[in-house]
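What follows draws every value from the coordinates through simple rules; no lab data is involved. What you see is a predicted model; the values in this text were computed from it and never measured. Using ideal geometry, Cβ is built from the backbone for each residue, glycine included, and neighbour counts are taken over all protein chains shown.
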């Protein structure tokens, strides 16, 4: 798929009426609600049983954003690399100055599968586009006072702060394509943060080293150096990244290596 076509078509689908991003849990907001970490989904906010004064106050807390001229006419994909366990801060960017000044509360959503976003970006916002979900916190976050009893990955913690989305304890579950929006900008997204975790290298066993040697030794006569390098790099990526959490990153890196090798070796 032509990457430029993906970028140009992202803003062509969807309308501000009827777009609903999926949510992993059902929330309710009432007068007893004391604190909102992230702005809720539209249907949750519309049915909130709170006073108008409290509604206005909360909306003002989540209304801050930043204007970026670069994405006024062109889609921007901003890569954000992080190590698991780090705190990540990404800014809420609007591509029209009027959207910064409209006073509307801004929420956050993401496409969890980066490859899905790249493949279906031309249908972004339609039913055939990539799956989009609201950024939400898990119902139960890990108790940091407990001793480690297993090797499960703790949930990241999301909260909005002064125009930023802050991700505490970001890990492989935090990967994805993030964007902020309000009711006026929901149909025309052009600024995306692509969060990519830097995963630790795993030990390469002798078995896999022997496989790499076998490729190099048996095919060196019949294959040119470009193809050998591609196969070796692909095999290395298969064994150095965890298969459960790093499969998306592995596939993307293989494609990047192949493209780079093709350019360098003509």
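Key figures
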read-out	value
Failed item in (1) closer than 14 Å to residue 181 by Cα; (2) surrounded by 17 or more Cβ atoms within 10 Å (Cβ to Cβ), with residue 82 passing the rest	(1)
Region 171-187, residues that are touching a strand residue (DSSP E or B) at 6+ places or on another chain (Cβ under 7 Å) and either more than 14 Å from residue 108 (Cβ to Cβ) or in a strand (DSSP E or B) (or both)	171, 172, 175, 176, 177, 178, 179, 180, 181
Meets criteria (more than 20 Å from residue 161 (Cβ to Cβ), surrounded by 13 or more Cβ atoms within 10 Å (Cβ to Cβ) and within 19 Å of the chain's Cα centre (by Cα)) for residue 92	no
Enumeration of residues in region 99-113 that are touching a residue at least 40 places away in the same chain (Cβ under 8 Å) and within 30 Å of residue 61 (Cβ to Cβ)	99, 102, 103, 104, 105, 106, 107, 108, 109, 110, 111, 112
